[in-house]
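Participant: I am attaching a structure below and will ask some questions about it afterwards.
The values are calculated or read from the model by the stated rules, or taken from the named source; none is laboratory data. For clarity, every value in this text was computed on a predicted model and none was experimentally measured. Backbone-built Cβ (ideal geometry, glycine too); neighbour counts: all protein chains shown. Heavy atoms of the whole protein, side chains included, go into the accessibility calculation; ligands, DNA and RNA do not. Shrake-Rupley method; radii C 1.70, N 1.55, O 1.52, S 1.80 Å.
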Amino acid sequence: MSWKLVIRIIIISVLAVLLFGAATGCGEDLEPVVDWGDCSQKIGDHPCDFTLIDQNGKEFNLYDNHGKIIIIDFSAMWCGPCALAALEVEEIQKKYGDKVVYVTILIENLNHNSPSKLDLKKWAKSFGIESAPVLGGSRSLLSSDTSMGWPLTAWPTFFVIDENMILVESFRGFYAGLMESVIKNNLDSDTGVP
């Protein structure tokens, strides 16, 4: 191969890279780039991603729900107020459809152990939860240090994540109708782009 041919190949390659870069970098409607590695469970931050198994044996990944309001309900099967909250899950999920995902994470079963797949199925069936995920968790998800886990001081504890994957609020305990107003407030607010 002659040196002239090598130079032509190099020039054509450089031009192709420059043209491709110019063509792909000119979109005005590109999604913002978000550094998902920078996370904590502190209000105002991006929560850390997780993948857990639901009542149907499917993987649920938190960040797969980007663009929706995410309600995370940390509950225990032995907790009375958690059971009252569970009574509203299916109604809320059906009412708001694709705008909201209501996620229940069971941390303990009736014996204070991590729940089994059977426990998840029993919880979902007992409260008529068909269209929302009931996930199996453990105490390893919890920590008073928000960079290490979710801070819980009561059962149930709720966290609200907006469409931009920003943790916007948390509250503990169950009050009938509270979740409805929380969702409406977050749907009506314009949180902007992170």
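Participant: Filter segment 116-131 down to the residues that are under 20 Å from the mean Cα position of the chain (by Cα) and either free of Cβ contacts under 8 Å to residues at least 60 places away in the same chain or at positive phi (or both) and list them by number.
Facilitator: Within segment 116-131, 130, 131 meet the criteria.
Participant: Looking at (1) open to solvent by less than 30 Å² (accessible area, probe 1.4 Å); (2) assigned to a strand (DSSP E or B), find the lone condition where residue 165 falls short.
Facilitator: Unmet for residue 165, out of (1) open to solvent by less than 30 Å² (accessible area, probe 1.4 Å); (2) assigned to a strand (DSSP E or B): (2).
Participant: Okay, moving on. Could you list, ordered by first residue, the pairs with Cβ atoms under 9 Å in which the first is in segment 68-79 and without any contact (Cβ under 8 Å) to a residue 40 or more places away in the chain and the second is of a type in the set (A, V, I, L, M, F, W, C) and open to solvent by 10 Å² or more (accessible area, probe 1.4 Å), at least 6 apart or interchain?
Facilitator: From residues that are without any contact (Cβ under 8 Å) to a residue 40 or more places away in the chain, the pairs are 78/110; 78/155.
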